[in-house]
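What follows is a set of notes on a single structure, which appears directly below.
We did not get these values from a lab; they are worked out from the coordinates using the rules stated. Quick caveat, the model's predicted, so the values are computed rather than measured. In this analysis, Cβ positions are derived from the backbone assuming ideal geometry, glycine residues included, and neighbour counts consider all displayed protein chains.
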Amino acid sequence: MTASTTANPLRIALVTGGSRGLGRSAALALAADGVDVILTYVSNDASAQAVVAQIEAKGRRAVALRLDVGDSTTFAAFADSVKAALAATWQRERFDFLVNNAGVGLHANFEDTTEAQFDMLFNVHLKGPYFLTQKLLPLINDGGRIVNVSSGLTRFSIAGASAYAAMKGGVETLTRYLAKELGARGIAANTIAPGAIETDFSGGMVRDNPQVNAMVAGFTALGRAGQPDDIGGVIALLLGEGSRWVNAQRIEASGGMLV
Ligand SMILES: NC(=O)c1ccc[n+]([C@@H]2O[C@H](COP(=O)([O-])OP(=O)(O)OC[C@H]3O[C@@H](n4cnc5c(N)ncnc54)[C@H](OP(=O)(O)O)[C@@H]3O)[C@@H](O)[C@H]2O)c1
């Protein structure tokens, strides 16, 4: 029996991009649900350590590791550092939940998008989650779960997001294939597709640009832009015991954008 199927098991989640925004909210919501967390950051060591301290204040254990999801050549070494952290902090060889969340935004019309921008988005949003998940798979418990973070922009179209949304569309397709192929190990995989959320993402556009914020609120049924904590709880819910039969799904959390 794996750790994830015993009564009151210790569960460990690995959340990429857990130092800020949606990943931070997810890490804290998971900790509130009794889950320990390995979170990653790419440059913001101080923010990552602050999240670790907040998780520890909730009585859970947490470790922050550096990871660039846009550079797959580093993934083998990253898997080694995850292995080392699991052994040192938890005396375990595996974790339970992988949340592929880290990412950056880019606003550029189709006609202006450069190959360099496209390649960057491809590396961070599609190649990264694909090969990071592949590399970490031996470290995920049978019966574990994967949540990939996509975007509402795969269902509706807003000018300036063609390359970004195309990568997220790829992530959603990848998620269904992960569910198909990993089901034999009891691993479920789902996509969460947030609407526009007030984070640092895309230069803080949704939070800091009043026109963009009002536009988002105007076409959202619940009448406002999203907050990071509108998302973290949904990710924790998808990783909760009660959601164990949800598999290969795309769950949109957008307050009803463009319905
Ligand atoms: N905000 C939205 O409106 C929105 C809507 C739909 C989907 N999303 C998706 O939600 C996810 C999180 O976005 P967010 O709004 O929380 O963004 P955010 O507030 O800007 O936070 C981004 C997080 O990702 C990390 N990160 C950035 N580039 C990375 C890289 N190359 N390698 C590893 N980590 C990296 C950052 O680490 P550092 O702190 O070290 O920089 C940070 O923890 C992304 O996948 C995004 O596409 C966001």
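Within the shell defined by Cβ-Cβ distances under 15 Å, the residues around Arg207 carry a net charge of -2, with Lys and Arg each +1 and Asp and Glu each -1.
Distance between the 7 Å Cα→Cβ label points at Phe156 and Thr73: 4.1 nm.
Report the gain in length on full extension from Gln134 to Thr173: 0.36 nm times residue separation, minus Cα-Cα distance, nm rounded to one decimal. It would help to have the intermediate numbers written out before the result.
On the way: separation 39, 0.36 × 39 = 14.04 nm, distance 1.54 nm.
12.5 nm is the gain from fully extending Gln134 to Thr173.
Structural descriptor for the chain: relative contact order 20 percent, calculated from alpha carbon pairs under 8 angstrom and at least 6 residues apart. Each label point was placed 7 Å from the Cα along the Cα-to-Cβ direction; for Gln227 and Ala84 their separation is 3.9 nm. Normalised size of the chain, defined as Cα radius of gyration per 2.2 N^0.38 Å with N residues, equals 0.96. Charge tally around Arg145: other residues with Cβ under 12 Å, Lys/Arg +1 each, Asp/Glu -1 each, net 0.
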